[in-house]
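Just so it is clear, none of the values below were taken in a lab; they were calculated from the coordinates. Note that the coordinates shown come from a computational prediction; the quantities given were computed from them, not determined experimentally. Neighbour counts are summed over all protein chains in view; Cβ atoms, including those assigned to glycine, are modelled from backbone coordinates with ideal geometry.
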Amino acid sequence: MRDLTPLVGEPLALDLINTVVRHAGTSVDLLATPAQLQAWLAAQAECVPDLPEVVSDGITPDDVAMVQAVRGHIAVAVDHARRGLAPPAAAIQGINDSQRRAPAVRELRWLSGAVEARVRRGGSLGEQLAARLAEAAVDLLTDPALAAVRQCEAESCVVLFLPAHPRRRWCSRTRCGNRARVSRYYQRHKAERSGQAGASGARQHRH
């Protein structure tokens, strides 16, 4: 993937893993700063309404480090489990520990004539975020659909996705899909031109 805007729309744990991409032959972290993490959380807010609330400029480098740490554990666990392999104990422990540091409590309250449940957590913002992301990893790792998770087929792209259709091959049709089609078109026409040039040269040689 060459576009360095994080993709969203996959299960939350995959979206998190996909914030580390390959670009120009190197690994790039798309959640390297508080601002990047804040933007990613904002993009997730509509689909994941129970993410811990983040006020503007409320994320610290320590919070980023906690999210990066649990992301590393999740990436390793998913990479193994989706291939039918046992995840390393350290990855499982890291995911479990992240949940323990900020467990969710569904608090009840009376609001507008009805009982409502609201998820509350203790701990720092980084611990709350890491706990929610670890819970998303548990959901994915225990889902039978995990075995269907694929890596984008585009060259050098490491983005993972859960295909809704078995023929899906790309992380995004407008990113890797279009580039792959353009590349195939170019290679096909290059081969045709090469073949035509070879045939023309052979005719000239006979004459």
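Put +1 on the Cβ of each Lys and Arg and -1 on the Cβ of each Asp and Glu in region 12-165; which of V105, L14, W40 then has its Cα farthest toward the positive end of the dipole?
Farthest towards the positive pole: V105.
Any idea how far the Cα center of region 59-81 sits from the one of region 98-146, in Å?
Answer, in whole Å: 17.
Highest first, please rank the peptides 74-80, 146-152 by the mean number of other Cβ atoms sitting within 10 Å of their residues.
Packing order, densest peptide first, comes out as 74-80, 146-152.
Read phi for every residue in region 9-26 and hand back ³J(HN,Hα) as whole Hz from Karplus 6.51 cos²θ - 1.76 cosθ + 1.60, θ = phi - 60°, with x for Gly and Pro.
x, 8, x, 3, 5, 5, 4, 5, 4, 6, 7, 10, 10, 9, 8, 6, x, 10
If you look at just the Cα atoms of region 12-165, how large are its Rg and its Dmax in Å?
Calculated on Cα positions, Rg and Dmax stand at 16.4, 57 Å.
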